[in-house]
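The values are calculated or read from the model by the stated rules, or taken from the named source; none is laboratory data. As the structure is a prediction and not an experimental result, all values here were calculated from the model. Positions of Cβ are generated from backbone atoms using ideal geometry, with glycine treated the same way; all protein chains shown enter the neighbour counts.
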Amino acid sequence: MEQTKNNNWSGFLRGMQSFVGLIALCAILSLLSPRFLTASNILNVLRQTSLNAVMAIGMTFVILTGGIDLSVGSVLAFSSIVAAGLAHSGVNAITAIFAGLIIGTVLGFINGLAVTKGNVPPFIATLAMMTMARGATLVYSNGQPKTGLGEGFYFLGNARIGSIPFPVIVLLVVFIIAYYILSETATGRYIYATGSNENAAKLTGIKTDRVKLLVYSISGFTAALSGMMVTSMLNSAPPTAGTGAELDAIAAVVLGGTSLSGGQGGVVGTIVGALIIGVLNNGLNLLNVSSYYQQLIKGAVILMAVLIDRRRR
């Protein structure tokens, strides 16, 4: 219990460091572009960031155990294309969304089985799933986007509660649940213990294989949920959806202070990390920076975050 509190406190401090960086980034962009701090732009940043942040929360669970999930972008694509296909064929939108969420969770569970029962390194297991899920997406869709999803799909990604975009509400709910699990439950303690020292965790009676199955399933679920929101926003499910999304999710987790070695960090920092990426993307677009240079800048920021993490350890 004490170790878990120390890990949570360490994650909080790292998140605060990232928060200072976020404030500094916002201050710089507000000076460079008068449009940045407008209410409409801030809400747009939050709406766009929520897509990556939801997925990154699931990624946080995986990385806390010392693993990695490279398949989230492809899981997003496959779960959303199936849900869109069902909606297009006349299935009720809620049923279609529920089916997409189940598919994402099952694919995540398969990742967990490969890691735990097959003893496949997480990098390889999820890389294989990334390729298979993307291939399944192209096969199912025949390389064509699924459109005409009906009004039922519109709400998830485009509705507002007052002036707050509904995806931001979804993110808030996911964050509260994730924070509670990691901070207040035995499951959260088991996740931190597995990432800190798996062998020691086993000796204390923790079923680490079950923990890993859970975290990969959670990652698959949040990837699918993000996919449902993307599909709703676009009113379409392109087979290329989620390409490179795993990099943004991992970057958000790392920028938020969660250690790639596992055992330290939390979802508070992940939200801050996702906001840093969202603000950076938005600011560079407002400044009319070429997308080519944006990739260079984002890559440099990620590398810097990883180097800082290594120096801390």
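Observations
- The set of residues in region 89-120 being among the small types (Gly, Ala, Ser) and buried (at least 20 other Cβ atoms within 10 Å of the Cβ) consists of Ala93, Ala96, Gly100, Gly104, Gly108, Gly112.
- Of all the listed residues (Ala53, Ala77), the sole one being touching a Lys or Arg at 6+ places or on another chain (Cβ under 9 Å), modelled with pLDDT of 95 or more and within 25 Å of Ala224 (Cα to Cα) is Ala77.
- The residues of region 277-300 that are outside any helix (DSSP H, G or I) and polar (S, T, N, Q), listed by number, are Asn288, Ser290.
- Unique match (being in a helix (DSSP H, G or I), surrounded by 14 or more Cβ atoms within 10 Å (Cβ to Cβ), modelled with pLDDT of 90 or more and not charged (D, E, K, R)) among Ile206, Ile191, Ile176: Ile191
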